[in-house]
Ligand SMILES: [Fe+2]
């Protein structure tokens, strides 16, 4: 009878791939920090006739994404790597571009939608790496983050839609 517990040989963690997963988590951490900071910038500075809804949408987006940062950092520590916690490191690691200007409302949504799609691509790739390394908790969390950004992308697409086709 085959045991459900793998033999030591097959169960050994591939240290190189685990380090790669930790490095990916660092990129995710930096990107999430940048994403949430940008959402807060938009929350503060958005203007237009639908200001109350827009202001609250970006406020929620900021809180929701910022709420994921700590868990990502703790997974990096679980993998025995150190979590970056400085703006300089975030700037080096992020895949989300910083926004130093104040775009018009519509452009804020367009940019945020593009950023959501980048975050989805990142966590989808990381789900596969985590699964291959049997890091089930991390894989689960990547799936949750995919849902979070996909849901936000749907909302933004709906906000941007001018009229029914
Ligand atoms: Fe606020």
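Given the structure, is residue 75 closer than 16 Å to residue 29 by Cβ and either modelled with pLDDT under 95 or surrounded by 15 or more Cβ atoms within 10 Å (Cβ to Cβ) (or both)? Yes, satisfied. Within the stretch 24-42, none of the residues are surrounded by fewer than 16 Cβ atoms within 10 Å (Cβ to Cβ) and either within 17 Å of the chain's Cα centre (by Cα) or in a helix (DSSP H, G or I) (or both). Residue pairs whose Cβ atoms lie under 8 Å apart, separated by 6 or more positions or on different chains, with the first residue in the stretch 56-75 and in contact (Cβ under 8 Å) with a residue 40 or more places away in the chain and the second near the ligand (Cβ under 10 Å from one of its atoms), are 58/40; 58/43; 61/43. What are the residues in the stretch 55-68 that are under 16 Å from residue 156 (Cα atoms) and more than 14 Å from the ligand (Cβ to nearest atom), if any? Answer for the stretch 55-68, where residues must be under 16 Å from residue 156 (Cα atoms) and more than 14 Å from the ligand (Cβ to nearest atom): just 65.
For the stretch 116-149, a residue qualifies if it is under 11 Å from residue 28 (Cβ atoms) and not in a helix (DSSP H, G or I), but none of them does.
Could you list all residues from the stretch 150-165 that are under 18 Å from residue 57 (Cβ atoms) and outside any helix (DSSP H, G or I)? Within the stretch 150-165, 161, 162 qualify. Restricting attention to the stretch 43-54 and to residues that are under 17 Å from residue 101 (Cα atoms) and in a helix (DSSP H, G or I), the residue that is farthest from the ligand (Cβ to nearest atom) turns out to be 45. Out of 81, 112, one residue alone is more than 16 Å from the ligand (Cβ to nearest atom) and part of a loop (DSSP other than H, G, I, E, B). It is 81.
The values are calculated or read from the model by the stated rules, or taken from the named source; none is laboratory data. Predicted model only: the values in this text are computed from it and were never measured. Positions of Cβ are generated from backbone atoms using ideal geometry, with glycine treated the same way; all protein chains shown enter the neighbour counts.
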